[in-house]
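Every number in this text was worked out from the coordinates using simple rules, so none of it is lab data. Owing to the predicted nature of the structure, the values given are computational and were not obtained by experimental measurement. Don't worry about glycine lacking a Cβ; one is built from the backbone with ideal geometry, like all the others, and counts go over all protein chains shown.
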Amino acid sequence: MFSFKFIRLAVALFVISGLAACASYQPSYLAAADLQAAQVHTQQAPAMVRDADIAAMIRYAYEHHPRIQAAKAELRSAEAQVTAAGALMDPELSLSQGLNNTDSRTIAVSQDIPIFKRRAMAIEQAQAGLRAAQARYLEETAAVTTAVMRALIEYLYVLENIRVQQDLADLRAQLVLVAEQQYATGNISLSEFLRAQNAAAESTSDLANLQALKSSQLARVNSALSRGVTEPFESDLRLAGFHAQASQLPREQSELYAELTQASPLLRVAEYELQALQVAQDIASTAGLPRLMVGLEYMNTAMESGTVGGMVGVSLPIWRGRYQAQRDVAAANVDSAIARWQSTQLELQAELSMALYQWQEADRNRQLYGDVLLPRSEQAVASLLTQYANSATTFADVLASQQEWLTFALAYQRALANQLDAVTTIHSFFAYQLDTEAHHEND
């Protein structure tokens, strides 16, 4: 008889717990028309990185960079939170014995029952946190990729500067030889000969400074990759070649603005954090509702016979001011999250607009210097050097033409680097995509 009663009560407790735990919950997230909420973007941006070596370097950064590792740890934590949120509270076991009658003993087991969809709300809140952690992981990968790309662009720019400066040093070394011949024949003065030597020495010094800067920029690349600062960069890629494969916009400008809200990991983080706070607001609305606890109790006098009974406990939420304050806090948190989401969207739109302007400006400068000014200055340098050898022009004209050529050559390389930097910024607003086909083809 005892066992039958106990089984019936245990089954009843199990059924009540199961019904309460399985209660469904559908959160009423803000409508897209009210928030312009971002949805999961399923279409990735076109590949920016097509060079197999660079793609492999970025994958290395994904595997080793501390920011990525921290994001992965946060993701694991969020996944564990979902499991923890779905678990019921631990049951309570209590033992009591009478003081006057030592043969009187009571054993009770009780379980908190998550009524009013409390368990379902906790699970949904944890899942929103998991979605936010996944978006933060995408955000961190985009940030690491951006850092690698910018460091690499500046490194390639310095390499091009070294090549340009080396060409200028060779030109001025040739000019010194011509000036020496002119001075030997009495066609120029000693001061002009010394100016030619000074110009050559200045170019040599500038070249040495750029070589030192190369080491610094390489350290920056390695830092972005999370590897030793002295690790070599083994690639034949040049700035012009990198520009040719990676300087195009991922979308038409109108499409970029339209997809920004959907594709930005930063906005997704803000959106999912807002969802978690909306669920927290629903949870706060249940704080002033009673809590239910059910259990079993066994009582006996001499442990030879006893009574099994069911227990039901209900909390009495009488301190209404505290519960109202909790609801006010939750509502204020939701309002703050909405404002942050909207602010982030406005900031991203402004940054996208500026990046597009920088891309257009760099493209105009690239065409101006690469197609017009630089070819003309090269012709002027060659012509004036020939004229100087024939004593048909002054040294000042030759030096001025070389300086103009240097200015235009560096401006052209800077335009290439700026356009790549602008594209990198634009790609950082969307999900990065590495071109694995190039990697496999080279394998």
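A few points about this structure:
- Value in Å of the Kirkwood radius, where region 49-142 supplies the Cα pairs that are averaged: 17.5
- Overall, the anisotropy analysis places region 205-264 in the prolate class: the square-rooted eigenvalues a ≥ b ≥ c of its C-alpha gyration tensor yield a/c not less than 1.5, with a/b exceeding b/c.
- Once the chain from Leu368 to Lys72 is taken as fully extended at 0.36 nm per residue, the excess over their C-alpha distance is 102.0 nm.
- Overall form of region 123-218 per C-alpha gyration tensor (a/c, 1.5; a/b vs b/c): prolate
- Taking amide H as placed 1.01 Å from N in the peptide plane, Gly313 has its amide H under 5 Å from the amide H of Met293, Val294, each at least 5 places away in sequence or on another chain.
- 5 angstrom amide H check on Ile115, placed H, neighbours 5+ away: Leu292
- Ordering of 64-73, 196-205 by packing [mean C-beta count within 10 Å, highest first]: 196-205, 64-73
- Square roots of five times the Cα gyration tensor eigenvalues for region 291-432, Å: 84, 19, 11
- All other residues whose Cβ lies under 12 angstrom from that of Tyr60 are scored, Lys and Arg at +1 and Asp and Glu at -1, for a net of -1.
- Size of region 190-298 as Cα extents on the principal axes (Å, biggest first): 112, 46, 29
- Each peptide in 248-257, 87-96, 360-369 gets a packing score, the mean of other Cβ atoms within 10 Å over its residues, and the list from highest to lowest is 360-369, 248-257, 87-96.
- For peptides 183-191, 112-120, sequence by mean Cβ density within 10 Å, most packed first: 112-120, 183-191
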